[in-house]
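Asker: For reference, the structure I am asking about is given below.
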Amino acid sequence: MSAAVGKGTKAPLNAIFRFQNQYIYQHEGLNDSFVSLESAKWGEHLKTVSLSHLEQTNIKVAKDRQKLVDDFWISLMNHLSKKGF
């Protein structure tokens, strides 16, 4: 899975990471404020989610976005389970 928030998306971004997100966007395009969308794609790419890098690791998650984080992890675990892991 890959992720993209902030510049170039409709997904919100913690203001603390705005500069970092815009810098990566200028050089590599859509990103999750740490990793560009293209750099995150390797192996079997499942989908792109609208979560920041920190949200993906359950850090700094706003209450209204917690369900997105939970759904991300449930989806990933279900996929791995179906693959036999």
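Asker: Among 79, 27, which is in a helix (DSSP H, G or I), out of contact with any Cys (no Cβ under 8 Å at 6 or more places or on another chain) and in contact (Cβ under 8 Å) with a residue 24 or more places away in the chain? Break it down stepwise before answering.
Answerer: Values: 27 fails: in contact (Cβ under 8 Å) with a residue 24 or more places away in the chain.
One residue alone meets the criteria, 79.
Asker: Right, next: Inside the range 47-81, can you point out the residues that are of a type in the set (Phe, Trp, Tyr) and either touching a helix residue (DSSP H, G or I) at 6+ places or on another chain (Cβ under 8 Å) or at pLDDT below 95 (or both)?
Answerer: Initially, the range 47-81 is screened for residues of a type in the set (Phe, Trp, Tyr), giving 72-73.
If the condition is that a residue be of a type in the set (Phe, Trp, Tyr) and either touching a helix residue (DSSP H, G or I) at 6+ places or on another chain (Cβ under 8 Å) or at pLDDT below 95 (or both), then 72 is the only one that fits.
Asker: Considering the range 31-49 alone, what residues qualify as being under 21 Å from residue 7 (Cβ atoms) and without any contact (Cβ under 8 Å) to a residue 40 or more places away in the chain? Quick ask: steps written out before the conclusion?
Answerer: Just the residues of the range 31-49 that are under 21 Å from residue 7 (Cβ atoms), to begin with: 31-41, 47-49.
Passing the criteria: 31, 32, 33, 34, 35, 36, 37, 38, 39, 40, 41.
Asker: What single numbered condition from (1) assigned to a helix (DSSP H, G or I); (2) in contact with an Asp or Glu (Cβ under 9 Å, 6 or more places away or on another chain); (3) closer than 13 Å to residue 1 by Cα fails to hold for residue 54?
Answerer: (3)
Table: residues versus (1) under 13 Å from the mean Cα position of the chain (by Cα); (2) more than 17 Å from residue 68 (Cβ to Cβ); (3) among the aliphatic types (A, V, I, L, M).
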site: 3; (1), (2), (3): yes, no, yes
site: 6; (1), (2), (3): yes, no, no
site: 24; (1), (2), (3): no, yes, yes
site: 29; (1), (2), (3): no, yes, no
site: 46; (1), (2), (3): yes, no, yes
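Asker: Scan the range 50-64 and give yes if some residue there is without any contact (Cβ under 8 Å) to a residue 12 or more places away in the chain, on the phi < 0 side of the Ramachandran plot, acidic (Asp, Glu) and surrounded by 11 or more Cβ atoms within 10 Å (Cβ to Cβ), otherwise no.
Answerer: Within the range 50-64, not a single residue is without any contact (Cβ under 8 Å) to a residue 12 or more places away in the chain, on the phi < 0 side of the Ramachandran plot, acidic (Asp, Glu) and surrounded by 11 or more Cβ atoms within 10 Å (Cβ to Cβ).
Asker: Could you list all residues from the range 22-71 that are of a type in the set (A, V, I, L, M) and within 15 Å of residue 11 (Cβ to Cβ)?
Answerer: Scanning the range 22-71 gives 24, 30, 35, 37, 40, 49, 51, 54, 61, 62, 68, 69.
The values are calculated or read from the model by the stated rules, or taken from the named source; none is laboratory data. Because the structure is a prediction, the values reported are computed rather than measured. All Cβ positions, even for glycine, are placed from backbone atoms using ideal geometry, and neighbour counts span all protein chains on display.
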